[in-house]
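Colleague: Just dropping this structure here.
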Amino acid sequence: MSADLTETIGQLRDLLFDIGRESQSTGYGVFPGGDPNTFTPDPEASTSEELERHRADCEKWNAGQRTGLTVTTCDLTQPVGRMMRAGYGLGVYTMEDPQAADWAERLERCIDQIESWATEEP
């Protein structure tokens, strides 16, 4: 493989890493919604009832149930401040960007194909 092609593939792999990193992010706070398995309640910031609700909702989600699960709500009708009801308390959540994950997967396939072409004998 030529030096130029090796450098180009290296740059493409760097780009792949950056896109892959952007496809998933983590944070701390209330459950943002979606798959409850992407949330890990903080036992020090969640009640036993919230922990049990989370466990039960993960089971329901894994069994295919997508409705009737606990949600985080915010009451904006209060005259002063806002009332937040965090169904699972506070914890660590993971947010995924399916579009960025798709781009990363497609780019990886392209890089692999270029590398296989470059190693083929003429």
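Any read-out appearing in this document is the output of simple, stated calculations on the displayed coordinates, not a laboratory observation. Just so it is clear, the structure is predicted and the values come from calculations on it, not from any experiment. Using ideal geometry, Cβ is built from the backbone for each residue, glycine included, and neighbour counts are taken over all protein chains shown.
Colleague: Need one number: convex hull volume per residue for segment 1-52, Cα atoms only, in Å³.
Modeller: 113 Å³
Colleague: Work out the FRET efficiency for Asp42 and Glu105 from their Cβ-Cβ distance, taking R0 = 35 Å, and round it to the nearest 0.05.
Modeller: 0.65
Colleague: Could you size up the charge dipole of the chain around its Cα centre, putting +1 on the beta carbon of Lys and Arg and -1 on that of Asp and Glu, and report it in debye to the nearest 20?
Modeller: With only Lys, Arg, Asp and Glu charged at Cβ, the dipole is about 800 debye.
Colleague: While we're here: Compute the long axis of helix 98-119 from its Cα atoms, compare it with the longest principal axis of the Cα atoms of the chain, and write down the angle in degrees, 0 to 90, nearest 10.
Modeller: It works out to around 20 degrees.
Colleague: Could you list Glu44, Glu96 in order of exposure, starting from the residue whose Cβ has the fewest other Cβ atoms within 10 Å?
Modeller: The most exposed by this proxy come first: Glu44, Glu96.
Colleague: Could you work out how much longer the chain between Thr6 and Lys60 gets when fully extended? Use 0.36 nm per residue separation minus the Cα distance between them, nm to one decimal.
Modeller: The span from Thr6 to Lys60 would gain 14.6 nm if fully extended.
Colleague: Also, quick follow-up: Please work out the FRET efficiency for the pair Thr94 and Ser116, using the Cβ-Cβ distance as r and a Förster radius of 35 Å; give the result to the nearest 0.05.
Modeller: The value I calculate is 0.60.
Colleague: Can you work out D for segment 19-78 in µm² s⁻¹ from Stokes-Einstein, where Rh is the Kirkwood radius over C-alpha pairs, the temperature is 4 °C and the viscosity is 1.567 mPa s?
Modeller: Translational D for this selection: 98 µm²/s.
Colleague: Any number yet on Rg/Rh for the chain, C-alpha, Kirkwood?
Modeller: 1.23
Colleague: Counting alpha carbon pairs within less than 8 Å and at least 6 residues apart, what relative contact order, in whole percent, applies to segment 24-112?
Modeller: 46 percent
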